[in-house]
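J.: The structure under discussion is supplied below as structure tokens; questions concerning it will follow.
The values are calculated or read from the model by the stated rules, or taken from the named source; none is laboratory data. Predicted model, so just to flag it, every value in this text is computed and none were measured. Please note: Cβ atoms are built from the backbone with ideal geometry, for glycine as well, and neighbour counts cover all protein chains shown.
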Amino acid sequence: MALPALGLDPWSLLGLFLFQLLQLLLPTTTAGGGRQGPMPRVRYYAGDERRALSFFHQKGLQDFDTLLLSGDGNTLYVGAREAILALDIQDPGVPRLKNMIPWPASDRKKSECAFKKKSNETQCFNFIRVLVSYNVTHLYTCGTFAFSPACTFIELQDSYLLPISEDKVMEGKGQSPFDPAHKHTAVLVDGMLYSGTMNNFLGSEPILMRTLGSQPVLKTDNFLRWLHHDASFVAAIPSTQVVYFFFEETASEFDFFERLHTSRVARVCKNDVGGEKLLQKKWTTFLKAQLLCTQPGQLPFNVIRHAVLLPADSPTAPHIY
């Protein structure tokens, strides 16, 4: 609709976009040789010995989507489709399989998934989506479990994974998405899991939820539409007193002909215990705001993909990249 008004064909628009993108990637300086602008967090030059790629492949396994580095940095735990792996990464460039444990969805769940018109070739499996360190002896993990989310604890023995007991598998609704294609996030803080995901089979009910630990289970209110139904979560970052969630959703505050997607940041307080009446088991400290990622004279970044916490001199003044 906008192309005739602009007088630009699609290839011209693509060229303009690439030019703007190149400007963003190149280091910039202020007038007078002042402070530099946006710079990459990590930079390696061609020929640098640290610029190494490591490959790992295991026959019969796929969808290595969830990664967790051990506290000592020697073991990488990997959540794949229907399996969890422990890789020894002490030798640079040579990841070695320490052990692997299967965690497939049950035959009954797979049959129910296929009956609900989901693909038994690409969807009706257990895709590991949450993998966090619970303590020095256990990991906590959740998977889609053939569109019926499930969670469990995994015991560790000298960084090796011990088999999962079926009687210890719990419902994972609100912690893991139903659909492996849906974006999600989860972080463990003080023994409590803060998660952002889709809370129903249809993928139309986004939720920010706190589970585990001694505090009450809390979640966002779907009826009050605290989140748009297409919210897509990318990161959860804890701070001193709060936990931040980064996501994108359709901006309902703007009245346009077409849907406008915008980046958001939301926060909840760690000491929130819920409210009374309508706010029972609901967040009372939930706030969200539009995340403005832009540079003067350049295109705005309205589609967020990830966020990480950068080391800071003061714990009270963190920087998020």
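J.: Please go through segment 83-139 and pick out each residue that is on the phi > 0 side of the Ramachandran plot and of a type in the set (Gly, Ala, Ser). Quick ask: steps written out before the conclusion?
T.: Our first condition is that a residue be on the phi > 0 side of the Ramachandran plot; within segment 83-139, this holds for 93, 117.
Answer for segment 83-139, where residues must be on the phi > 0 side of the Ramachandran plot and of a type in the set (Gly, Ala, Ser): just 93.
J.: For residue 138, all conditions in the list (1) of a type outside the set (D, E, K, R); (2) in the same structural domain as residue 120 (by the TED database); (3) in contact with a Ser or Thr (Cβ under 8 Å, 6 or more places away or on another chain); (4) at pLDDT 95 or above hold save one; what is the number of the exception?
T.: All conditions are met except number (3).
J.: Next up: Residue 158 - would you say it is assigned by the TED database to the domain that holds residue 170, exposed (fewer than 15 other Cβ atoms within 10 Å of the Cβ) and of a type in the set (Asp, Glu)?
T.: yes
J.: Follow-up question, since we're still on this one. Of the conditions (1) out of contact with any strand residue (DSSP E or B) (no Cβ under 6 Å at 6 or more places or on another chain); (2) part of a strand (DSSP E or B); (3) not basic (Lys, Arg), residue 214 clears all except one; give me its number.
T.: Among (1) out of contact with any strand residue (DSSP E or B) (no Cβ under 6 Å at 6 or more places or on another chain); (2) part of a strand (DSSP E or B); (3) not basic (Lys, Arg), residue 214 violates only (2).
J.: If we scan segment 94-103, do we find a residue that is part of a loop (DSSP other than H, G, I, E, B) and either touching a Gly at 6+ places or on another chain (Cβ under 7 Å) or at pLDDT 95 or above (or both)?
T.: Filtering segment 94-103 down to residues part of a loop (DSSP other than H, G, I, E, B) leaves 94-95, 103.
From what is left, the residues that are either touching a Gly at 6+ places or on another chain (Cβ under 7 Å) or at pLDDT 95 or above (or both) are 103.
Within segment 94-103 (the criterion being part of a loop (DSSP other than H, G, I, E, B) and either touching a Gly at 6+ places or on another chain (Cβ under 7 Å) or at pLDDT 95 or above (or both)), the answer is yes, since at least one residue qualifies.
J.: Continuing with the same structure: In the list 96, 81, 108, which residue meets the criterion of being in contact (Cβ under 8 Å) with a residue 40 or more places away in the chain and among the charged types (D, E, K, R)?
T.: 81
J.: Still on this structure, please answer the following. State whether one or more residues within segment 168-175 are among the basic types (Lys, Arg), touching a residue at least 60 places away in the same chain (Cβ under 8 Å) and in contact with a strand residue (DSSP E or B) (Cβ under 9 Å, 6 or more places away or on another chain).
T.: No.
J.: Still on this structure, please answer the following. Could you check, for segment 105-125, whether at least one of its residues is closer than 19 Å to residue 61 by Cα, in contact with a Phe, Trp or Tyr (Cβ under 9 Å, 6 or more places away or on another chain) and in a strand (DSSP E or B)?
T.: no
J.: Ok, one more. Do we find a residue being surrounded by fewer than 16 Cβ atoms within 10 Å (Cβ to Cβ) and part of a strand (DSSP E or B) anywhere in segment 184-205?
T.: no
Table: residues versus (1) hydroxyl-bearing (Ser, Thr, Tyr); (2) closer than 19 Å to residue 224 by Cβ.
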residue	(1), (2)
250	yes, yes
256	no, no
261	no, no
266	no, yes
270	no, no
278	no, yes
282	no, yes
285	yes, yes
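Residue-by-condition table, conditions (1) out of contact with any strand residue (DSSP E or B) (no Cβ under 6 Å at 6 or more places or on another chain); (2) closer than 21 Å to residue 149 by Cβ; (3) touching a residue at least 40 places away in the same chain (Cβ under 8 Å):
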| site | (1), (2), (3) |
| --- | --- |
| 188 | no, yes, yes |
| 243 | no, yes, yes |
| 269 | no, no, no |
| 284 | yes, no, no |
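J.: Condition check: surrounded by fewer than 19 Cβ atoms within 10 Å (Cβ to Cβ), within 13 Å of residue 192 (Cα to Cα) and among the hydroxyl-bearing types (Ser, Thr, Tyr). Does residue 214 satisfy that?
T.: Spelling it out, residue 214 is indeed surrounded by fewer than 19 Cβ atoms within 10 Å (Cβ to Cβ), within 13 Å of residue 192 (Cα to Cα) and among the hydroxyl-bearing types (Ser, Thr, Tyr).
J.: Does residue 251 count as in contact (Cβ under 8 Å) with a residue 40 or more places away in the chain, surrounded by 17 or more Cβ atoms within 10 Å (Cβ to Cβ) and assigned by the TED database to the domain that holds residue 194?
T.: Against the criterion (in contact (Cβ under 8 Å) with a residue 40 or more places away in the chain, surrounded by 17 or more Cβ atoms within 10 Å (Cβ to Cβ) and assigned by the TED database to the domain that holds residue 194), residue 251 does not qualify.
Yes/no matrix, rows are residues, columns are (1) under 30 Å from residue 113 (Cβ atoms); (2) modelled with pLDDT of 95 or more; (3) surrounded by 14 or more Cβ atoms within 10 Å (Cβ to Cβ):
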residue	(1), (2), (3)
223	yes, no, no
226	yes, no, yes
239	no, no, yes
262	no, no, yes
308	no, no, no
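J.: Please pick out the residue among 299, 292 that is part of a loop (DSSP other than H, G, I, E, B), touching a residue at least 40 places away in the same chain (Cβ under 8 Å) and surrounded by fewer than 15 Cβ atoms within 10 Å (Cβ to Cβ).
T.: Answer to the selection: 299.
J.: Okay, next question. In the list 17, 55, which residue meets the criterion of being modelled with pLDDT under 80 and over 30 Å from residue 143 (Cα atoms)?
T.: After ruling out the rest, the residue left standing is 17.
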